[in-house]
Amino acid sequence: MLDENLPIHDVLIIGAGPCGLAVAARLCEPLPSALFTENEHQKFHLLRSSTQRRWKATRTSRRSNIGTDQLLSGPCVSSDRLDIKVLDADGDTWMNAWNEKFESLNISHLRSPMFFHPDPRDRDGLLAFAFMNKKENELKEIQGVVGKELSKHHRKKKQKGGKRIQETTYIDERNRQDYFRPSQALFRDYCQEIVQRYGLSDIVEKSQVMSIVYDNPTSVFTIEASTGTKKARTVVLAIGSGQTPCLPQDSPFHNIPNPQNVTHIFSHLNLDSSTILAPSVLASTSFDHPKILAIIGGGLTSAQIAELASSQGLSKVHLILRSPLKTKHFDVDLCWLAKYKNESMSRFWKADEDRERWEMMRDARGGGSVNPEYREVLKTLVREGRVKVWEWTKVKGARWDDEQERWRLELTDTTEEVHQVDVDGVVYATSEAADIRTVNVVRSILEEHPIEIVGGLPCLTNELMWNEDIPLFVTGKLGGLRLGPAAPNLEGARLGAEFISSKIAILSSGWQRGVKDSDESPAEEFDMGRLGLGRSNQFEILEYDSEEGGNVHSVF
Ligand SMILES: Cc1cc2nc3c(=O)[nH]c(=O)nc-3n(C[C@H](O)[C@H](O)[C@H](O)COP(=O)(O)OP(=O)(O)OC[C@H]3O[C@@H](n4cnc5c(N)ncnc54)[C@H](O)[C@@H]3O)c2cc1C
C-alpha cells in the first residue's frame, strides 16, 4: 500500500500490556471514576440506562473518505470514538506478555492490592467484579497492614517515653477491603471484561515496532513495524522499560556466546511452566543425579522461581543476592499507596527538579524485595535444605566443567572471601533499568528532537508528552519522573492513562473530523466520549435530556 493511502490512526498505542490497556480503555470511557464522585457516577449510569437512548455514532475518523479495500484490518474501535490501533511485539491479544509470565512462573496471586488495575471506570471495579462473580475466595488478605495505626494520644505518649514513633503508613480499618490480592485468574478475567466492555478486542496487532518518525509539517507520525508502515496523529509508548531482558553487563556469562543452561528468565517468551528451566537441567533429576540451580536476583520473581524449581524436583537452589533479602508488601513503600499517598505525591510533584524526583523514586522502590508470603516460602525451603540464600554476594566468575557438565561459580561477598559452588544451570531474574537512550524505537526521535534525560528517564511534559510540539506520549516505567514511584506498576498505568487522555482530548478537538452519515441529526446526540475526556460539561447531559423531552427528575 502506498504511504499516502495508509489510514491515519488517531491514536497508535505501542504495547498491549496493562499501561496500553489503561490508555485505550480510558479514551473510550465516558464516565471515568476520577472525574465523578461515586454518587454522580451511579446517577449518570442510571440516567443513561433509564432513557434507553441508542448511542449514535459521532464520526471521528477520516476513514469514510477511504475505500474499505485500502484500510488495514480492524483498527477502528467503534465509529463513535477515536480510531485506536495497538501494536504489540508479543501477541495479538491484550495482556499477552503479562499472562505468559504469570503462567510460566505458576504465580497464583498478584502482589498488588485490589485498587491496582487498568480500569478507568471505577477504582473499586476489581473488588466489585470479584463479588459479582462470586470469586471472593480468590482474594488473599494482605496481612499486617490494616488497622495498626496508633491514635494521636498513643503516639504522643510513646514520643514522650522516648520510643521510636511508629511508621504512620498503616491503613484505616474502613479500607480493609482494598488490601487483598487478586488471583491471576480473577485479574485476567477482569482485564478481559474491560476489553469487552469497550470493544477493544480486535484492535491489537502482533507487530514489533522498529522506529517512529514525526513529520512536523503534516503533524503525522510514521511508524515502521514488522507488519509494515503505519501512520498516526498521536503515539503512546506503553512498552514497560523498553529493554529486551538479557544477562546483566557485569555477569561473567555476558561475553560467552550462548552459555549452556544460562538464561534470563524473561529472555524468551512463549515459555510454559514445564520448560521455564532448561530441559537439560531438569532431565534425569534423580537421587543419583541431583540437579542444582543458581538464581541471581533479590526480587519476588527470584523467590517464585526458587519455589517452582523445588517443586519440579531440583535438589538444591542457590539464591544469590547483592544485598540482604528485603521483605516488603509491595515494590514501593506503603506511604506511596495508602492514605498518605496524596501527601507523598504532592511532595513528588512539587520537587524543584527532576533529579530530586528520580532520587525519591529510587528511595521509595529501594531495589528488589519479596513479600511476606514468599519470605515464608523461602524460610521453609531453607529449613528443608533445598534453598541456600547468599546475601551480599556477587557472581565473580564462572567456568564450565566439561567432565561434570556443570558450571563452577565463584561467589564473593563483602569480605571478598571467595566461595565455589557447582551448578547445572543459572537463571537471572534481574530487572532491567529503564533508559530511554537505549530504546531503539525512539532512536530517531531522540536524534531529531532531543529531550532532557535524568537517571535514564525522559523529562516529559506534565501530560507525559515528549514536548509541547510532538504528541508522542510515554507511560509506565519510562514515565516515572511524572508518574511517581508506582509508575512501573499497575497504579502507574491508571494515572498515566488519565494524564494522556486529557491531553489527547485537547489535541483531538483540533483534528478535522467529519460526521458519520446518519438519518438523525448529530445535534441531537450527546458525545459521551467528549464528556469522559473532560471536553464537555457533565451537566450538559441533563440539559440535553430535558430538551429531548426526557424527565430527568423522575430518574432520581
Ligand atoms: C512476574 C511479574 C509479576 C508482576 N506482578 C505485579 C503485580 O502484581 N502488581 C503490579 O502492579 N505490578 C506487577 N509487576 C510489574 C509489571 O511488570 C507491571 O505492573 C506491568 O507489566 C507494567 O505494564 P506495562 O504495560 O508498562 O509494561 P509490560 O507489561 O511490560 O507491557 C509492555 C508491552 O509492550 C510490548 N513491546 C515492547 N516493546 C515493543 C515494540 N518495540 N514493539 C511492539 N511492542 C513492544 C511488549 O511485548 C509488552 O507486551 C509484575 C512484573 C512481573 C515480571
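The values are calculated or read from the model by the stated rules, or taken from the named source; none is laboratory data. Quantities reported herein were computed from a predicted structural model and do not represent experimental measurements. Cβ sites come from the backbone with ideal geometry, for glycine too, and all protein chains shown count toward neighbours. Surface accessibility is based on the protein's heavy atoms, side chains included, excluding ligands, DNA and RNA. Shrake-Rupley method; radii C 1.70, N 1.55, O 1.52, S 1.80 Å.
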Förster-model FRET efficiency, 56 Å R0, residue 356 and residue 403, C-beta, rounded to 0.05: 0.50
Take the Cα of residue 433, step 7 Å along the line toward its Cβ, and report every residue of segment 311-351 whose backbone nitrogen sits under 17 Å from that point. 322-323
Excluding ligands and nucleic acids, what accessible area in Å² is computed for residue 202 using a 1.4 Å probe, to the nearest 10? 120 Å²
Rounded to the nearest percent, how much of the accessible area of segment 168-274 (1.4 Å probe, protein heavy atoms only) is carbon and sulfur? 47 percent
Which GluC sites (Glu not before Pro) does segment 296-353 hold that lie in a coil by DSSP with at most 14 other beta carbons within 10 Å? 353
What distance in nm separates the simple spin-label points at residue 418 and residue 189, each placed 7 Å from Cα in the Cβ direction? 5.6 nm
Give, in nm to one decimal, the length gained when the segment between residue 382 and residue 326 is fully stretched (0.36 nm per residue of separation minus the Cα-Cα distance). 18.6 nm
Let me make sure I get this right: for segment 369-422, a, b and c are the square roots of the gyration tensor eigenvalues over alpha carbons, sorted descending. Under 1.5 in a/c it's rounded, otherwise prolate if a/b > b/c, else oblate. Which is it? oblate
Using a 7 Å offset from the Cα along the Cα-to-Cβ direction at both residue 93 and residue 176, what is the distance between the two label points in nm, to one decimal? 3.7 nm
Net charge near residue 239 (other residues with Cβ under 13 Å of its Cβ; Lys, Arg +1; Asp, Glu -1) is -3
Starting from the 7 Å offset along Cα-to-Cβ, what nm value, one decimal, do you get for the label separation of residue 447 and residue 256? 3.6 nm
